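A quick write-up on the structure given underneath.
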Amino acid sequence: MWLVRQAQPDDLEQILEIAGTQSARLSSTLPKHSEALASKIEHSLASFAGTVPASEAPRFLFVLEDTNTGQVAGTAGIDARAGNGQPFYNYRRDALVHASHELGVSRRVEVLYPSHSLTDQTLLCSFSIRPELRETEAFELLSRARMLFIAEHREWFSSRLVVEIQGVQDEDGSVPFWDSLARHFFNMDFETADQYSSMLSKTFIAELMPPNPVYVTLLTERAQAALGQCHPLTKPNLELLLREGFHAGCYLDIFDAGPVLEARTDTVHTLVTSHRKSLHGRQDEAGDLCLISAGEGQAFRCTLARAEETLDDELKLSVSAWKVLGKSAGDAVRMAPL
């Protein structure tokens, strides 16, 4: 069975292996170096335990585990406050109208404004999964388990959720938006900047980028075409999030101009459709396939299982699901349809 749980120090080597895959390299919030990753896991453990200092924002890192082999197959994260105490930078896409009454000329020009308006919104991040599991039920479990965690700990998170979707990147590693804009201000390629970002934050990039609005017409044609477009490998994640109720707003990633999705937390599909149930009996793989979560904080676990609801608002699960969740009769779980 598949299980989503908190990341542990023993998972470090397997997560580093996943971080080296092509799809994981698209995530700037999943460290690719052992020291930075170990620090992220340590902070995550404190967040799950509720022992993070008041001056720091909770950051949670989950892993997807194959319970038959113990192999870690993916990661997913939640930053309770985007920016983690620092400004969370994006570009806001807008337009200006330049007009001359004397000449009778009027032209609408697209402009990118540096912004940190999304700072302190809850950020879904660090999503990566082994390539063979894309567009599978395990993929959906890993992404949506975070929504069940938020539903169970609603007071920890903000009223809005945001997700940065990775933008256009060519097969040779070049990034049209980055190459058209950032290379003019400091000598660093996209991959190097991305590594710094995973170890530090994007703040250092924003400090070196021009604070002035960027006129889109001054970018290369390829960079202009990349605005708000996602990398092909991120399309399954994008489509899943759109089904959850996220939408692409006016914000773009400051690195690659990928879309930034937004949603009101309390309207996200998984939160709306999830319900608390009481475990009652066992059955043999009958019922509908559902997402089932149990436990709070560091005890949180989420799996996929067939479940059957009773008239008394109770839930019957298979023996294997009971074991994975580590729960007994009468214990509370949360379920949502797959």
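The values are calculated or read from the model by the stated rules, or taken from the named source; none is laboratory data. It should be emphasised that the depicted structure is a prediction, and the values quoted were computed from it without experimental measurement. Please note: Cβ atoms are built from the backbone with ideal geometry, for glycine as well, and neighbour counts cover all protein chains shown. Note: areas computed on protein heavy atoms with side chains; ligands, DNA, RNA excluded. Shrake-Rupley method; radii C 1.70, N 1.55, O 1.52, S 1.80 Å.
Limited to the stretch 295-327, what total is found for residues that are open to solvent by 70 Å² or more (accessible area, probe 1.4 Å) and on the phi < 0 side of the Ramachandran plot?
The number of residues fulfilling the criteria is 9.
Going by the structure shown, is Thr29 touching a residue at least 60 places away in the same chain (Cβ under 8 Å), open to solvent by 10 Å² or more (accessible area, probe 1.4 Å) and touching a Ser or Thr at 6+ places or on another chain (Cβ under 7 Å)?
So Thr29 fits the description; yes.
One line per residue, one yes/no per condition, for (1) surrounded by fewer than 18 Cβ atoms within 10 Å (Cβ to Cβ); (2) outside any strand (DSSP E or B); (3) free of Cβ contacts under 8 Å to residues at least 24 places away in the same chain; (4) of a type outside the set (A, V, I, L, M):
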position: Asp256; (1), (2), (3), (4): no, yes, no, yes
position: Asp266; (1), (2), (3), (4): yes, yes, no, yes
position: Leu271; (1), (2), (3), (4): no, yes, no, no
position: Cys290; (1), (2), (3), (4): no, no, no, yes
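Please name all residue pairs, on different chains or six or more residues apart, with Cβ atoms under 7 Å, provided the first residue is in the stretch 67-93 and is surrounded by 19 or more Cβ atoms within 10 Å (Cβ to Cβ) and the second residue is basic (Lys, Arg) and assigned to a loop (DSSP other than H, G, I, E, B).
Ala73/Arg130; Gly74/Arg130; Tyr89/Lys202
What single numbered condition from (1) open to solvent by less than 30 Å² (accessible area, probe 1.4 Å); (2) in contact with a Leu (Cβ under 6 Å, 6 or more places away or on another chain) fails to hold for Phe157?
(2)
Taking the stretch 66-93 only, how many residues are assigned to a strand (DSSP E or B) and either among the small types (Gly, Ala, Ser) or more than 18 Å from the chain's Cα centre (by Cα) (or both)?
9
Out of (1) part of a strand (DSSP E or B); (2) touching a His at 6+ places or on another chain (Cβ under 7 Å); (3) buried (at least 19 other Cβ atoms within 10 Å of the Cβ), what's the single condition that is false for Arg107?
Arg107 satisfies all of (1) part of a strand (DSSP E or B); (2) touching a His at 6+ places or on another chain (Cβ under 7 Å); (3) buried (at least 19 other Cβ atoms within 10 Å of the Cβ) except (3).
Considering only the stretch 205-242, state which residues are basic (Lys, Arg) and within 15 Å of the chain's Cα centre (by Cα).
Matches in the stretch 205-242: Lys235 only.
Residue check: is Phe48 touching a helix residue (DSSP H, G or I) at 6+ places or on another chain (Cβ under 8 Å), in a strand (DSSP E or B) and open to solvent by less than 40 Å² (accessible area, probe 1.4 Å)?
no
Do we find that Phe127 is at negative phi, open to solvent by 10 Å² or more (accessible area, probe 1.4 Å), in a strand (DSSP E or B) and touching a residue at least 40 places away in the same chain (Cβ under 8 Å) in this structure?
It is true that Phe127 is at negative phi, open to solvent by 10 Å² or more (accessible area, probe 1.4 Å), in a strand (DSSP E or B) and touching a residue at least 40 places away in the same chain (Cβ under 8 Å).
Please enumerate the residues belonging to the stretch 169-193 that are in a loop (DSSP other than H, G, I, E, B) and either open to solvent by less than 40 Å² (accessible area, probe 1.4 Å) or farther than 22 Å from Leu124 by Cβ (or both).
Passing the criteria: Asp170, Glu171, Asp172, Gly173, Ser174, Val175, Phe185, Phe186, Asn187, Met188, Asp189.
Look at Phe60 and say whether it is closer than 22 Å to Glu17 by Cα and open to solvent by less than 30 Å² (accessible area, probe 1.4 Å).
Answer is yes for this residue.
Here is a check on your reading of the model: is Ser55 at pLDDT below 95, farther than 30 Å from Glu137 by Cβ and open to solvent by 60 Å² or more (accessible area, probe 1.4 Å)?
So Ser55 passes the test.
Tell me the residue from Pro236, Pro232, Pro213 that is modelled with pLDDT under 95 and in contact with an Asp or Glu (Cβ under 7 Å, 6 or more places away or on another chain), please.
From the options Pro236, Pro232, Pro213, the qualifying one is Pro236.
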